[in-house]
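In what follows, a single structure is set out as C-alpha cells and then discussed.
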Amino acid sequence: MNFLLHCVPGTMREKAKVLDHVAACVRPGGRIFGATVLTKGVPVGPAARASFAAWNWRGVMHNSEDSLDGGSRPERRNC
C-alpha cells in the first residue's frame, strides 16, 4: 500500500475506507503497511510544495489537505 492514498480523492477519513476493503483480504492477525505523502503538519520544502500544488491541480494527486491528524489514523487500525 505504499504511495497510494495520496492519489485517492477525498478526506483522510474517506480514504481510510480503502483499508476496510483491503482488510477483508488479509488473514486474521495479518498486517497491512504502507506510506503516503502528507502536505499538512509535516515539513514540506518549497520545491515539494510547488510540485504538490501542480500535481493536485492536474488531478494526479489528491493530498492538499492530508495530514497526520486528518480525522482518521488508518496506520493504527487493526485488521
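The values are calculated or read from the model by the stated rules, or taken from the named source; none is laboratory data. All figures in this text were calculated on a predicted structure; none of them were measured in a lab. Reconstructed Cβ throughout: ideal geometry from the backbone, glycine too, with neighbour counts over all protein chains shown.
Residues in segment 11-36 that are in a loop (DSSP other than H, G, I, E, B) and within 14 Å of Asp69 (Cα to Cα): Thr11, Ala16, Thr36. Can you say whether Val60 is modelled with pLDDT of 90 or more and among the β-branched types (Val, Ile, Thr), as far as the supplied structure shows? Yes: the conditions hold for Val60. Among residues of segment 1-28 that are free of Cβ contacts under 8 Å to residues at least 12 places away in the same chain and surrounded by 12 or more Cβ atoms within 10 Å (Cβ to Cβ), none has a beta-carbon under 8 Å from a residue that is of a type in the set (Ser, Thr, Tyr) and not in a helix (DSSP H, G or I) at least six positions away or on a different chain.
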